[in-house]
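Have a look at the structure below, then the notes.
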Amino acid sequence: MLYKIIYNYNKIIISLFILPLLGIILITLFIKIIKKKIVFFITLLLNIFLFLISLLLFLIIKYKKNINFKIYYFIKFLNLKINFGYSINNLSILMIILVTFISLIVTIYSYQYIKKDKNFNKYFIYLLFFIFSMLSLVISNNILEFFFFWELLGLSSYLLINFWNKKKCINAGNKSFLINRIIDTFFIISIFLIYFNLGNLNFDFINYNVNNLKNIYLYKTKFKLLDLICLLLFISILAKSAQFPFHYWLPNTMWGPTPISALIHSATMVTSGIFLIIKLSFLFENSKNILKLIFYISLFTIFFSSLISIFQNDIKKIIAYSTISQLGYMVLSLSISCYNISIFHLIIHSFFKSLLFLCSGSIIENSNDIRDIRKLGNFKNFFTFENFFFLLGILNLNSFPLFSGFYSKNLIIKSIEILNIKIYKIFIYISSFMTLLYSFRMYFLIFLYNIFKKKKKFKKINFIFFISLFLLSIPNLFIGNLLYNKIIFKNYFKKYIFIKNKNNIIKKILLKYKEINKIIKISFEEIYIIILGIFLIYYLYVKKYNLLILLKKKFYYILKILKNEFYFNKILNIINKKFKNISNILYIYIEKIIKINFINNIYYKIFKISFFLNFIQNYNLYNYIIIIILNLIFFFLLLL
């Protein structure tokens, strides 16, 4: 039976496209008459099937190793042939399992979260559209198809962020959509450059012919075409994966529904940029200068976002900036050719970040929509399931030993140590310390602040929230230990990720520590950071709270800048208003010129021609005979 399934895999793979689309069509057709519970049941059933299909595909890949199939040509013109197909291997199958699992948890959670909303059915249509876009992106076999689903992913995320149709949601959705669409023009240019120089956009073809791009230089310069392609791709990835200076759209997405924040910030939209660099490792490995640029930008992003997080008070905004920081760690790993470490951290981050977001959603709902961590401490929430799950997420975020987050982040720190440049190491340790400060500050203010004082009551335990968080907590405890050796040291992605021998950091780590068990041991610096960070939070918020107030007064202006996120949003709003005013002036001026000089002239000419034709077309046989004779004379003159 298993043998037959393995060799009839095409239908199984195509069902990854078909099932979400089927759900969208079914719910859309009966959107006004179908009950909420039936909509939820359809979406849940489809997500369960998708998750089971992903596990089945994992077994198939064990036997088939790599599946690459063309379904049909969606562009076929002269020499231009671009197919719609899929490619599934060890790399994409892990992403499929991750996306389907997180989507399943979010679907379960969403029922309770959104059940009172009048647009309940519409929400699940958008959710299925988002899942369809992400799964299709992951299994794309060429870069144009990848870009098509990259854009659909942006559209579906816009619809979900904008779901509540409130002013803040609309602004956040517009900002997310516009920034990504503008920056995606760089992606389009890079696709054109690849096609015009290679004549094919298939990922495997680009891989085999990358040397042809290496030898092409831009006109009368020493700058390689390959460097330009990588730069353009990286700029588009900066926006999608929320890296400095295009990070500012991501914290605003918190105004959308919390389950969607969990989905966007964990395993889907923001990680698609990371996934693209890993898929195009054969390009980036041959672009040394761009890898250096990626390194410095990601290092600054980690530091910058961690610093801002310390001074925020909105629970979801803190977690959002934490996402930017963790994405920085992934991009940093990519810049030093540690692609397998990056995908490993991506997987682990997806679990603990979705746990933190869903937990925050439960806390906000149970405290009557309060999001300010300074006010959340007024509730009796110490003996709640949210306390346990939130702490689990924070321990993973800070890479505490024995938790999944420790395995991936510890490897990133070890990789930076191998570079043997002290300033990089200092930056990483300071950023880790700041992560500890903002995360434990958040935990302390929500659950431990004024613990013995009389407080307001939390709402009753919600069973659906509990089940969702419990299912997410399992991988947070065990997935790091299970995947660590397989992904990092057993070359699980060997055939699908290209790394130059001189850039192979993993080999250098193994040479330094000799045994795998020694690599995962916590260092003295990490222990020191953990103890110092927890002590500092306790000292400032319990022992010497007056000192904290004094420090706030003394550094008021610096704190104001940090609280306002370096005024990025305000500056952009001012620029946006000025551009809007300029565009309105240009629109009015250009419209007048076109209307007076062009459209009016055309109108009068058409009027004159129609008047003349009207004179001819008067149903007079004599006029018709004259026209026929004149046409015959003209025809014979042409023949002569």
* How many angstrom separate the Cα center of the stretch 97-115 from the Cα center of the stretch 273-326? -> 26 Å
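Taking the Cα centre of the stretch 55-168 as the origin, how large is its charge dipole in debye, to the nearest 20, when only Lys and Arg (+1) and Asp and Glu (-1) carry charge on their Cβ atoms? It would help to have the intermediate numbers written out before the result.
Details: 13 positive and 3 negative charges, 46 e Å.
The calculation lands at about 220 debye.
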* Asked: Whole number please: convex hull volume per residue of the Cα set in the stretch 292-543, in Å³?
  -> 123 Å³
* Asked: How would I575, I416 line up by accessible area, probe 1.4 Å, largest first?
  -> I575, I416
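Per residue, how much accessible surface does the stretch 1-286 expose to a 1.4 Å probe? Answer in Å², no decimals.
Values: 11670 Å² over 286 residues.
About 41 Å² of surface per residue is accessible.
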* To do: Would you mind checking the pairs K11/K62; K292/K490; K115/K560; K279/K353; K375/K554 and listing those with alpha carbons more than 29 angstrom apart?
  => K115/K560
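Hand me the trypsin sites (Lys or Arg not before Pro) from the stretch 88-124 located in a DSSP loop with no more than 14 other Cβ atoms within 10 Å, in residue order please.
Here the trypsin sites (Lys or Arg not before Pro) that fit, given the DSSP loop and packing criteria, are K115, K116, K118.
In debye, nearest 20, what is the charge dipole magnitude of the stretch 292-543 about its Cα centre with +1 on Lys and Arg Cβ and -1 on Asp and Glu Cβ, if you could check? Write out the running numbers ahead of the final one.
Details: 33 positive and 9 negative charges, 47 e Å.
The dipole magnitude comes to about 220 debye.
Percent of accessible area on the stretch 292-543 owned by carbon and sulfur, 1.4 Å probe? Could you put the intermediate results ahead of the total?
Working: 6890 of 10490 Å².
The C+S portion of the solvent-accessible surface of the stretch 292-543 is 66 percent.
How do D184, D369 rank by accessible surface area computed with a 1.4 Å probe, from largest to smallest? Each step should come with its number before you reach the end.
Values: D184 5, D369 115 Å².
Putting D184, D369 in descending order of accessible area: D369, D184.
Can you give the translational diffusion coefficient of the stretch 295-337 in µm²/s, computed by Stokes-Einstein from the Kirkwood radius over Cα pairs at 20 °C and 1.002 mPa s? Mind dumping the intermediate values first?
Numbers: Rh = 10.3 Å.
Translational D for this selection: 208 µm²/s.
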* Structure fact -> Residues whose built amide H sits under 5 Å from the amide H of Y217, excluding neighbours closer than 5 in sequence, are L225
* Structure fact -> Given Cβ charges of +1 for Lys and Arg and -1 for Asp and Glu, the option among H265, Y111, Y63 whose Cα lies farthest towards the positive end of the dipole of the stretch 1-286 is Y111
* Measuring from a point 7 Å past the Cα of I421 along Cα-to-C-beta, which residues in the stretch 316-349 have an amide N at less than 18 Å? -> 328-339
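Using only alpha carbon pairs under 8 Å that are at least six residues apart, calculate the relative contact order of the stretch 1-286 and give it in whole percent.
Working: 350 pairs, mean separation 49.5, N = 286.
Dividing the mean separation by the residue count of the stretch 1-286 yields 17 percent.
The values are calculated or read from the model by the stated rules, or taken from the named source; none is laboratory data. What you see is a predicted model, and the numbers here were worked out from it, not measured in a lab. Positions of Cβ are generated from backbone atoms using ideal geometry, with glycine treated the same way; all protein chains shown enter the neighbour counts. Keep in mind that these areas ignore ligands, DNA and RNA; they rest on the heavy atoms of the full protein, side chains included. Shrake-Rupley method; radii C 1.70, N 1.55, O 1.52, S 1.80 Å.
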